Amino acid sequence: MPADNNGDDRPEWERVAAGLRARIKAGQPGDRLPSIAELGAEYGVGATTVKMAISHLRATGEVRTRRGMGTFIPSGPADAAGD
């Protein structure tokens with residue numbers, strides 16, 4: 001059964017990305033976002049959906065990722081590249 005999207009017709013990953021943007025705006029540079037599993041549970045979606053949202057945010061410079069460490073709010077444009 002599909003998740004209740006409250007009339008929002010965007011794909012799930014876009015809804016997750018929008019939610020993460022709000023979290024990023026409320027956070028501080030260097031803050032670590034919850035794990036993929038935690039975000040999946042919070043948004044009621046699978047890991048692939050969360051990864052798609054994070055991938056998009058990374059491509060637009062809104063987050064940086066460090067393999068094995070997590071996803072972080074970048075401290076500036078140079079920091080957004082990640083690895």
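Taking every residue in segment 47-60 that is without any contact (Cβ under 8 Å) to a residue 24 or more places away in the chain and pairing it with any residue that is in a helix (DSSP H, G or I), at least 6 positions away or on another chain, the pairs with Cβ-Cβ distances below 7 Å are ALA47/ILE36; ALA47/ALA37; ALA47/GLY40; LYS51/ILE36. On inspection, GLY44 qualifies as modelled with pLDDT of 95 or more and not hydroxyl-bearing (Ser, Thr, Tyr). The set of residues in segment 25-69 that are small (Gly, Ala, Ser) and farther than 15 Å from TRP13 by Cα comprises ALA26, GLY27, GLY30, SER35, GLY61, GLY68. Checking each residue in segment 25-43 for being in a helix (DSSP H, G or I) and within 9 Å of the chain's Cα centre (by Cα) picks out ILE36, LEU39.
The values are calculated or read from the model by the stated rules, or taken from the named source; none is laboratory data. Owing to the predicted nature of the structure, the values given are computational and were not obtained by experimental measurement. All Cβ positions, glycine included, derive from the backbone under ideal geometry; neighbour counts span all protein chains shown.
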